[in-house]
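Before any comments, here is the structure.
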Amino acid sequence: MVTADVAQLSRECNTWREALRSQREDFAHLNHELQQAAASISDHESLIEVERYQNQFHIQLINIHDLKHAIKSHEKKANLPLAINDSRTYDEVITDHEKLHDEYMNLEHTLQELKSDFHFFLEHTH
């Protein structure tokens, strides 16, 4: 369960954004690895996989960016209930936070699966 304390929400948001920054860097590195590997790949099936990974890396970088932006907007909203003392708004912030947590966890899972699949691909194409 996500803690309902605003300071804790803010810390969680910062942790998520930092992890997403790290993921963005990882995917930039993976894209570089893919480009290097693609230079030595000549069979049609593997080249199709290279294109698929290029597309997936691009899509996931967009997903990372969008989630980081959503988290940043949410964090700003999370600080509003303290200023206006509106419990309904605060309840909405908690609900939004839990949804973002789910989105973050799902994206993390997707990113880890993609990394694992990509490394498997690299191991089997060389």
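The values are calculated or read from the model by the stated rules, or taken from the named source; none is laboratory data. Quick caveat, the model's predicted, so the values are computed rather than measured. Note that each Cβ is placed from the backbone with ideal geometry, even for glycine, and that neighbours are counted across all protein chains shown.
Quick check, is I64 of a type in the set (A, V, I, L, M, F, W, C), under 29 Å from V6 (Cβ atoms) and either in a helix (DSSP H, G or I) or modelled with pLDDT of 95 or more (or both)?
When the stated conditions are applied, I64 passes them.
Report yes if S22 is of a type in the set (G, A, S), assigned to a helix (DSSP H, G or I), surrounded by fewer than 16 Cβ atoms within 10 Å (Cβ to Cβ) and on the phi < 0 side of the Ramachandran plot, otherwise no. Break it down into steps so the answer makes sense when it comes.
On the way: of a type in the set (G, A, S): yes; assigned to a helix (DSSP H, G or I): yes; surrounded by fewer than 16 Cβ atoms within 10 Å (Cβ to Cβ): yes; on the phi < 0 side of the Ramachandran plot: yes.
Yes: the conditions hold for S22.
For D117, only one of the following conditions fails: (1) surrounded by 13 or more Cβ atoms within 10 Å (Cβ to Cβ); (2) at pLDDT below 95; (3) of a type outside the set (F, W, Y). What is its number?
(2)
Filtering segment 63-76 down to residues that are surrounded by fewer than 15 Cβ atoms within 10 Å (Cβ to Cβ) and touching a Lys or Arg at 6+ places or on another chain (Cβ under 8 Å), which residue is nearest to L122 (Cα to Cα)? Write out each step before concluding.
Initial filter on segment 63-76 (surrounded by fewer than 15 Cβ atoms within 10 Å (Cβ to Cβ)): 65-66, 69, 72-73, 76.
Subsequent filtering for residues that are touching a Lys or Arg at 6+ places or on another chain (Cβ under 8 Å) retains 65, 72.
Details: H65: 26, K72: 35 Å.
Per the criteria, the residue is H65.
Give segment 29-53 a look and list any residue that's in a helix (DSSP H, G or I) and touching a residue at least 24 places away in the same chain (Cβ under 8 Å), or say none. Before the answer, list the steps.
Step one: list which residues in segment 29-53 are in a helix (DSSP H, G or I), which gives 29-38, 44-53.
Hits for segment 29-53 are L30, N31, E33, L34, A37, S46, E49, Y53.
Does E45 satisfy the condition of being exposed (fewer than 12 other Cβ atoms within 10 Å of the Cβ), acidic (D, E), out of contact with any strand residue (DSSP E or B) (no Cβ under 8 Å at 6 or more places or on another chain) and at pLDDT 90 or above?
Here the answer is yes, as E45 does meet what is asked.
State yes or no: is Q60 surrounded by 13 or more Cβ atoms within 10 Å (Cβ to Cβ) and under 19 Å from L122 (Cβ atoms)?
Details: surrounded by 13 or more Cβ atoms within 10 Å (Cβ to Cβ): yes; under 19 Å from L122 (Cβ atoms): yes.
Against the criterion (surrounded by 13 or more Cβ atoms within 10 Å (Cβ to Cβ) and under 19 Å from L122 (Cβ atoms)), Q60 qualifies.
Based on this model, can you work out whether N55 counts as at pLDDT 95 or above and surrounded by fewer than 12 Cβ atoms within 10 Å (Cβ to Cβ)?
yes
Among the candidates K99, K77, single out the residue that is out of contact with any strand residue (DSSP E or B) (no Cβ under 6 Å at 6 or more places or on another chain), of a type in the set (K, R), modelled with pLDDT under 95 and part of a helix (DSSP H, G or I). Spell out the reasoning first.
Working: K99 fails: modelled with pLDDT under 95.
Only one candidate qualifies: K77.
Quick check on my filter: what residues within segment 30-81 are within 29 Å of K99 (Cα to Cα) and over 20 Å from the mean Cα position of the chain (by Cα)?
The answer is K77, A78, N79, L80, P81.
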